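J.: Dropping a structure here in structure tokens format, bear with me for questions.
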Amino acid sequence: MKLSPPEKLIQKQILNFLSAYGIFVFRVNTTGVFDPSRKVFRRLGGYNLKGVADILGVLPNGKFLAIEVKTQSGKQSLFQKNFQNQIEKNNGIYILARSIDDVRYIVNQDWTNAA
């Protein structure tokens, strides 16, 4: 059985790959900040939407891009599925990526005419 790389490694590979092709992407950390005195993660200030994808960005044609990274055995939460539905309902691109191969096709798209 082949082991799947950890999500953080897949995220890094995807970020580096898309950035190298000039696609604007960034990592979203929704976990918050660890409070050692309380031994819990405190949410960052402001509005926190549950289920936000791991990687967000904008494609060359202006379309919103959201990439949720999972290992081969990872499953989307209900919040993540709801986030996916919102992105797709609003004509954004949502990818559930289990490896860098799941996003490679993006660099071969003709984003100049796609709306």
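The values are calculated or read from the model by the stated rules, or taken from the named source; none is laboratory data. Since we're looking at a predicted model, the values are computed, not measured. Please note: Cβ atoms are built from the backbone with ideal geometry, for glycine as well, and neighbour counts cover all protein chains shown.
J.: Which strands (runs of 3 or more DSSP E) sit wholly inside the range 1-98 and have at least 1 residues that are within 28 Å of Q109 (Cβ to Cβ) and at pLDDT 95 or above?
T.: Because the criterion is at least 1 residues that are within 28 Å of Q109 (Cβ to Cβ) and at pLDDT 95 or above, the strands (runs of 3 or more DSSP E) in the range 1-98 that meet it are 24-27, 55-58, 64-69, 93-97.
J.: Restricting attention to the range 99-112, which residues are under 17 Å from Q11 (Cα atoms) and either of a type outside the set (V, I, T) or part of a helix (DSSP H, G or I) (or both)?
T.: Listed by number, the residues that qualify are S99, I100, D101, D102, R104, Y105, I106, V107.
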